[in-house]
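Take a look at the structure set out below.
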Amino acid sequence: MKETDKKLNLLLIEDNPGDVRIIEEVMRDLHEFKLSDVNCLSSAFEYLSNNKTDIVLLDLGLPDSQGLDTVRKIVSQIPLIPVIVLTGFKDDGLALNAIKIGAQDYLIKGKIDSDMLQRSIHHSIERKHSAIELLESKTKYQTIFESTGTATLIVEEDTTILMANSQCYADTGFTPAELIGKKWIQYVA
């Protein structure tokens, strides 16, 4: 890492001092990161409102929040910051659900080494940036689609209607339930 490169700011939300020490030890040789830690979700929200943070490392069992509810709360408060769940439990179902509700990765505390954590951090940041770009693109597309002033349909090759803009509904009098998923050819005289 070059001297001029900025360090990435990581926030570890972990209430177990032993686990904090383990993560600090894993990160000892990762000089591109600056690690801060808090021991509960309410302290995390306060920290995040006052400090630039590039990524959050989140324990699921905190004094003021437990399980997937912890992920939901943090992701809803910081939708632009990637979150990596760190837990002591290997549970593929829980991991998948954490990802579905917005975590970027799910790592088992006792199995993490510095290379794995570094890779996860970088990949999580890139995945989050890609998701944000995709959402922005989708929003722009939806705005253009809705503002054309002309009834517009988007159909699959087999003529199944995927989308219709509000002008289409206004001009035809059809409802979304009457158009979406139907073949457009049945509406053409």
Please indicate, with yes or no, whether at least one residue in the range 68-91 is within 17 Å of residue 125 (Cα to Cα), modelled with pLDDT of 95 or more and of a type in the set (Asp, Glu).
no
For residue 72, work out the one condition from (1) open to solvent by less than 40 Å² (accessible area, probe 1.4 Å); (2) charged (D, E, K, R); (3) under 12 Å from the mean Cα position of the chain (by Cα) it doesn't fulfil.
(1)
Picking from 125, 112, the residue that is surrounded by 15 or more Cβ atoms within 10 Å (Cβ to Cβ), modelled with pLDDT under 95, aliphatic (A, V, I, L, M) and touching a helix residue (DSSP H, G or I) at 6+ places or on another chain (Cβ under 6 Å) would be 112
For the range 1-54, what are the residues that are surrounded by 16 or more Cβ atoms within 10 Å (Cβ to Cβ), of a type in the set (Asp, Glu) and assigned to a helix (DSSP H, G or I)?
19
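The values are calculated or read from the model by the stated rules, or taken from the named source; none is laboratory data. Here the structure is a predicted model, which means the values were calculated and not measured. Quick reminder, even Gly has a Cβ in these numbers, built from the backbone with ideal geometry, and neighbours come from all protein chains shown. Surface accessibility is based on the protein's heavy atoms, side chains included, excluding ligands, DNA and RNA. Shrake-Rupley method; radii C 1.70, N 1.55, O 1.52, S 1.80 Å.
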